[in-house]
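Asks: Sharing a structure below in structure tokens format, with a few things to ask.
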Amino acid sequence: MAMVKMSVFALIVVGLVVGLVSVVSAIPGTATFYTPPYVPSSCNGFQNDGVMIAAASDVIWNNRAACNRMYHVRCTGRTNLGVLQPCRGNGVTVKIVDYCPAGCAGTIDLSQEAFAMIADPNAGKVNIEYNQV
């Protein structure tokens with residue numbers, strides 16, 4: 001009986017640690033969106049990478065090191081009074097294929113299609129959590 005209790009306790013502890021690691025690894029930021037055409041891109045030229053793509057700001061870009069990395073992005077709330085509840089869905093995974101130059105309004109500039117998966121496009125910009133996958 002003691003062994004069963006110990007095993008259950010160990011599973012609970014492991015579950016809590018895994019849950020905390022996933023929460024801690026999410027980085028806060030903001031997302032905006034850009035519209036087609038999506039090619040050429042800074043990373044892959046005229047290669048068609050689909051529509052679940054994004055451009056990285058200087059925060060992520062790291063002198064092209066972000067090219068082709070995958071990020072999971074989840075809307076966490078509004079940045080303005082335009083759309084009171086902009087978030088939708090559970091998030092989206094995007095591939096970094098472009099650079100959002102200095103003056104970029106968001107941490108990640110999502111394709112219009114990717115942005116629409118996480119938020120109402122009428123919001124224009126939303127608060128997010130993101131992490132590399």
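Asks: Do any strands (runs of 3 or more DSSP E) lying entirely in the stretch 67-133 carry at least 3 residues that are among the β-branched types (Val, Ile, Thr), and which ones are they?
Replies: 92-99
Asks: Additional query: Of the residues 120, 109, 98, which is without any contact (Cβ under 8 Å) to a residue 60 or more places away in the chain and charged (D, E, K, R)?
Replies: 120
Asks: Something else now. Taking the condition under 18 Å from residue 133 (Cα atoms) and either at pLDDT 95 or above or open to solvent by less than 20 Å² (accessible area, probe 1.4 Å) (or both), does residue 29 pass?
Replies: Here the answer is yes, as residue 29 does meet what is asked.
Asks: Can you name the condition, by its number, that residue 77 falls short on among (1) crowded, with 16+ Cβ neighbours inside 10 Å; (2) closer than 17 Å to residue 28 by Cα; (3) touching a residue at least 40 places away in the same chain (Cβ under 8 Å)?
Replies: It is condition (1) that residue 77 fails.
Asks: Give me the pairs, please: first residue somewhere in the stretch 48-60 and in contact (Cβ under 8 Å) with a residue 40 or more places away in the chain, second residue anywhere and of a type in the set (Phe, Trp, Tyr) and not in a strand (DSSP E or B), beta-carbon distance under 8 Å, and either six or more positions apart or on two chains.
Replies: Matching pairs, first to second residue: 49/38; 51/38; 53/38.
Asks: Could you tell me which numbered condition residue 56 fails, if it satisfies all but one of (1) buried (at least 17 other Cβ atoms within 10 Å of the Cβ); (2) modelled with pLDDT under 95?
Replies: Residue 56 satisfies all of (1) buried (at least 17 other Cβ atoms within 10 Å of the Cβ); (2) modelled with pLDDT under 95 except (2).
Asks: Please specify each residue of the stretch 59-74 satisfying the condition of being at pLDDT 95 or above, open to solvent by 60 Å² or more (accessible area, probe 1.4 Å) and closer than 19 Å to residue 126 by Cβ.
Replies: 74
Asks: Any chance you could count how many residues in the stretch 82-98 are at negative phi and either open to solvent by 70 Å² or more (accessible area, probe 1.4 Å) or out of contact with any strand residue (DSSP E or B) (no Cβ under 7 Å at 6 or more places or on another chain) (or both)?
Replies: So the answer is 6.
Asks: Determine, yes or no, whether residue 107 is in contact with a Phe, Trp or Tyr (Cβ under 9 Å, 6 or more places away or on another chain), open to solvent by less than 70 Å² (accessible area, probe 1.4 Å), modelled with pLDDT under 95 and not small (Gly, Ala, Ser).
Replies: Yes; evaluated as a whole, the condition is true for this residue.
The values are calculated or read from the model by the stated rules, or taken from the named source; none is laboratory data. Remember, it's a predicted structure, so these values are computed and weren't measured experimentally. Methodologically, a virtual Cβ is constructed for each residue, glycine included, from the backbone with ideal geometry; neighbour enumeration extends over all protein chains shown. In case anyone asks, the SASA skips ligands and DNA or RNA and just uses the protein heavy atoms, side chains included. Shrake-Rupley method; radii C 1.70, N 1.55, O 1.52, S 1.80 Å.
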